[in-house]
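A.B. asks: One structure, as structure tokens, below. Some questions next.
The values are calculated or read from the model by the stated rules, or taken from the named source; none is laboratory data. None of the values given here were measured: they were computed from a predicted structure. Heads up, the Cβs are rebuilt from the backbone with ideal geometry, glycines too, and the neighbour counts pull from every protein chain shown.
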Amino acid sequence: MADCLHILNNLSEISEKLNSREKILLGMDHDGTLAEIITTLVAARMTESMRNVLYSLSKNPRIHLVFISGRTIESLKEVVNIKSNNIFYAGNHGFEIDGDHTDYTFNDKDALEKIRTITEEMCEKFSGIEGLDCEKKIFTTSFIWSTIAPEKQESVRSELSEALKKYRGIRIVEGKKLFNIRPDVNINKGIALGTVGRHFYKDEWRNYLTTIYLGDDNSDEDALKTLQDNDIGVKITENPSETTNAKYYAKNVNEIEEFLMWLNEL
Ligand SMILES: [Mg+2]
């Protein structure tokens with residue numbers, strides 16, 4: 001696979017892509033993409049200048065914004081903290097989606113009950129491990145291990161896999177510094193992005209929207225891989241040779257902000 005192109009060095013190509021369709025769907029992860037992860041994932045917050053540029057973008061009638069995160073929708077709204085009607089939020093990797101007065105939330109009671117039971121069991125089991133946080137999010141649960149020792153991480157992983165053998169239809173997804181357990185259904189950041197696209201233009205959405213997607217983590221690959229030639233996928237990484245479905249890369253959150261400022265001037 002060819003190296004990624006640096007986003008700020010390829011703005012004229014990007015501008016052509018944006019002009020190929022009427023409107024823009026701007027999909028964004030939060031932690032590590034819009035907000036730097038300094039200590040722990042949960043503590044990541046975007047700067048005021050990032051928030052200001054996103055607020056301006058939300059006022060642009062040509063752009064639809066959607067924040068897509070592993071956080072709960074509640075936590076995501078709280079950290080984004082932008083008052084605008086032109087924003088969609090997809091929490092829990094797309095299990096919860098709302099915006100434009102519409103709700104697309106997952107509602108399989110049987111699967112949700114299994115998640116609740118496993119979560120209870122495993123949080124109890126892991127309660128003695130210092131540095132391991134158990135984040136309950138109704139649809140999925142994340143076991144966040146940002147500060148525990150590597151050998152402990154391995155034992156958390158195997159204990160989780162062992163516990164899941166008792167339940168059909170639940171799986172583990174590995175993220176940056178976390179294990180997430182979730183119903184084994186076709187919901188991910190890519191599906192969430194498509195749900196929002198279809199909200200505006202039904203199945204024709206790709207004909208009307210150039211999609212930009214910004215993300216730094218494995219779960220973002222699910223969204224990046226749904227993009228087409230005229231779309232703009234951006235991975236936040238220091239390494240342009242990293243294996244990714246993104247065509248472009250930005251080195252850090254600051255470069256993402258610079259890109260969004262450029263977008264705001266179009
Ligand atoms: Mg992230």
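A.B. asks: What are the pairs with Cβ atoms under 8 angstrom where one residue, in the range 209-220, is over 17 Å from Leu54 (Cβ atoms) and in a helix (DSSP H, G or I) and the other, located anywhere, is modelled with pLDDT of 95 or more and of a type in the set (Lys, Arg)? Sequence gap at least six, or different chains.
C.D. replies: Going by the 8 Å Cβ cut-off, the qualifying pairs are Ser219/Lys189; Asp220/Lys189; Asp220/Lys235.
A.B. asks: Within the range 28-35, is there a residue that is surrounded by fewer than 23 Cβ atoms within 10 Å (Cβ to Cβ), away from the ligand (no atom under 13 Å from the Cβ) and either among the hydrophobic types (A, V, I, L, M, F, W, C) or not assigned by TED's automatic domain parsing to the domain that holds Ile212 (or both)?
C.D. replies: no
A.B. asks: Looking at the range 229-238 only, could you name the residues that are away from the ligand (no atom under 12 Å from the Cβ) and in contact with a strand residue (DSSP E or B) (Cβ under 8 Å, 6 or more places away or on another chain)?
C.D. replies: Asn230, Asp231, Ile232, Gly233, Val234
A.B. asks: Looking at the range 46-71, which of its residues are closer than 23 Å to Ile138 by Cβ and either surrounded by fewer than 18 Cβ atoms within 10 Å (Cβ to Cβ) or within 12 Å of the ligand (Cβ to nearest atom) (or both)?
C.D. replies: Within the range 46-71, Phe67, Ile68, Ser69, Gly70, Arg71 qualify.
A.B. asks: Output the number of the condition that His199 fails; it satisfies all remaining conditions of (1) in the same structural domain as Gly27 (by TED's automatic domain parsing); (2) farther than 18 Å from Ala35 by Cα; (3) part of a loop (DSSP other than H, G, I, E, B).
C.D. replies: (3)
A.B. asks: Answer with yes or no whether Ile24 is touching a strand residue (DSSP E or B) at 6+ places or on another chain (Cβ under 6 Å) and either part of a helix (DSSP H, G or I) or at pLDDT 95 or above (or both).
C.D. replies: Answer is yes for this residue.
A.B. asks: So Ile38 ticks every box in (1) more than 16 Å from the ligand (Cβ to nearest atom); (2) free of Cβ contacts under 8 Å to residues at least 24 places away in the same chain; (3) not in a helix (DSSP H, G or I) but one. Which box is left unticked?
C.D. replies: (1) is the only condition that Ile38 fails.
A.B. asks: Quick check on Asp220: is it at pLDDT 95 or above and away from the ligand (no atom under 16 Å from the Cβ)?
C.D. replies: So Asp220 does not fit the description; no.
The rows are residues; the columns are (1) more than 16 Å from the ligand (Cβ to nearest atom); (2) within 12 Å of the chain's Cα centre (by Cα); (3) farther than 18 Å from Tyr89 by Cα; (4) surrounded by fewer than 18 Cβ atoms within 10 Å (Cβ to Cβ).
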| site | (1), (2), (3), (4) |
| --- | --- |
| Gly190 | no, yes, no, no |
| Arg206 | yes, no, yes, no |
| Leu214 | no, yes, no, no |
| Leu224 | no, yes, no, no |
| Leu227 | yes, no, yes, no |
| Lys247 | yes, no, yes, no |
| Asn252 | no, no, yes, yes |
| Glu258 | yes, no, yes, yes |
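A.B. asks: Restricting attention to the range 60-72, which residues are under 16 Å from Asp31 (Cβ atoms), among the β-branched types (Val, Ile, Thr) and modelled with pLDDT of 95 or more?
C.D. replies: Val66, Ile68
A.B. asks: Within the range 72-92, identify whether any single residue is more than 13 Å from the ligand (Cβ to nearest atom), at positive phi and crowded, with 21+ Cβ neighbours inside 10 Å, and answer yes or no.
C.D. replies: yes
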